[in-house]
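Report on the following structure.
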Amino acid sequence: MALYIGSHVSMSGGLIAAAKEAHSYGANTFMIYTGAPQNTLRKPISELKIEEGKLFMEENGLSNIVVHAPYIINLASFKSSIYNLAKSFLKTEIERTQALGAGYLVLHPGAYTEMDAEYGINRIIEALNEVLTKDMNLYLCLETMSGKGSEIGRNFSELAAIIKGVELKEKLGICFDTCHTHDSGYDIINDFEGVMDEFDSTIGFNYLKVFHINGSLNANGARKDRHANLGATPDNPKGKDMIGLDAIYNIIQHPICQDKPLILETPWLDAKTNLYKEEIALLRGGK
Ligand code: FE
Ligand code: FE
Ligand code: ZN
């Protein structure tokens, strides 16, 4: 049993640069966007410096890496242009993820905008049944969402409903985000065990593949989705974390977090400064 802890890192210099950045933080895993999270412009796979990156990862004990699909993929959209772009981009993102040797592709399930949740869930199911293939070699991990706006995935039942409708269920996983589940109303601070029981009975532990470890600037149930640095104190310019380090330690020490990528998506203090190295050390140090 091992703890795989890392953060989001930049892929702008290819896999090799991403791996070196992660290593500089003391990480043994990491998460990347294959390009800007806000758009679908992507470099060809041949320019991603994959072989050098894999070699560096092997030499430096980095593994279990995660790719995050861009936010603008919306498989729940009723607009055919957005929906079709989402499906075609997701197909190419699956190819890139596999080429990078990543076993997990995290996806925000989608937002139903002017329609309703039932419409959105069915639209996502239909898209996934088109996009997923038997021979793909990764888990497409639907992320638990914060309950902001019309995002699907704000509770375990919505995620379970998607899985239920997908034919190739064995290709699906779930990414559990601590900020999002806290914001959407799950009491991960006082009752993580109870939240896990509910996860298991509603979705099933076999689907739980990745964790995003973040603090939250807001109270339980606030439905905001604003990430905080771990254990951030009031003098941190990014604000105070309402989840707290004790709760985060309790979560990462849970058996369910062993052998799974635990990824920080905590805020940067400014354009040049993040706290990933310090936060990874905090998580490793435990209590
Ligand atoms: Fe996400
Ligand atoms: Fe997340
Ligand atoms: Zn978030």
*Report yes if some residue within the range 180-192 is touching a Cys at 6+ places or on another chain (Cβ under 6 Å), of a type in the set (D, E, K, R) and within 16 Å of ligand 1 (Cβ to nearest atom); otherwise report no.*
no
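Does residue 181 count as under 22 Å from residue 115 (Cβ atoms), within 12 Å of ligand 2 (Cβ to nearest atom) and in contact (Cβ under 8 Å) with a residue 24 or more places away in the chain? Step through it out loud before you land on a result.
Details: under 22 Å from residue 115 (Cβ atoms): no; within 12 Å of ligand 2 (Cβ to nearest atom): yes; in contact (Cβ under 8 Å) with a residue 24 or more places away in the chain: yes.
No; evaluated as a whole, the condition is false for this residue.
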*Scan the range 250-267 for residues that are of a type in the set (A, V, I, L, M, F, W, C) and within 16 Å of ligand 1 (Cβ to nearest atom) and jot them down.*
262, 263, 264
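Which residue, of 61, 53, is more than 16 Å from residue 39 (Cβ to Cβ) and either touching a His at 6+ places or on another chain (Cβ under 9 Å) or of a type in the set (D, E, K, R) (or both)? Explain how you work it out, then say what you get.
Working: 53 fails: either touching a His at 6+ places or on another chain (Cβ under 9 Å) or of a type in the set (D, E, K, R) (or both).
After applying the criteria, what remains is 61.
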*Would you check if there is a residue in the range 198-206 being surrounded by fewer than 21 Cβ atoms within 10 Å (Cβ to Cβ), more than 12 Å from ligand 2 (Cβ to nearest atom) and among the aromatic types (Phe, Trp, Tyr)?*
yes
*Could you look through the range 233-262, keep only residues that are without any contact (Cβ under 8 Å) to a residue 24 or more places away in the chain and touching a strand residue (DSSP E or B) at 6+ places or on another chain (Cβ under 8 Å), and pick out the one that is nearest to ligand 2 (Cβ to nearest atom)?*
239
*Do any helices (runs of 4 or more DSSP H) lying entirely in the range 1-116 carry at least 3 residues that are surrounded by fewer than 20 Cβ atoms within 10 Å (Cβ to Cβ) and of a type in the set (Ser, Thr, Tyr), and which ones are they?*
80-99
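Hey, any hits in the range 143-156 for a residue that's part of a helix (DSSP H, G or I), closer than 26 Å to residue 192 by Cα and within 16 Å of ligand 1 (Cβ to nearest atom)? Spell out the reasoning first.
Kept after step one, since they are part of a helix (DSSP H, G or I), are these residues of the range 143-156: 156.
Restricting the remaining residues to those that are closer than 26 Å to residue 192 by Cα gives 156.
Retained after the next criterion (residues that are within 16 Å of ligand 1 (Cβ to nearest atom)): none.
So far as the range 143-156 goes, no, none of its residues is part of a helix (DSSP H, G or I), closer than 26 Å to residue 192 by Cα and within 16 Å of ligand 1 (Cβ to nearest atom).
Bear in mind that the values in this text are calculations on the coordinates, not laboratory data. What you see is a predicted model, and the numbers here were worked out from it, not measured in a lab. As a convention, Cβ positions derive from the backbone with ideal geometry for all residues, glycine included, and neighbour counts pool all protein chains shown.
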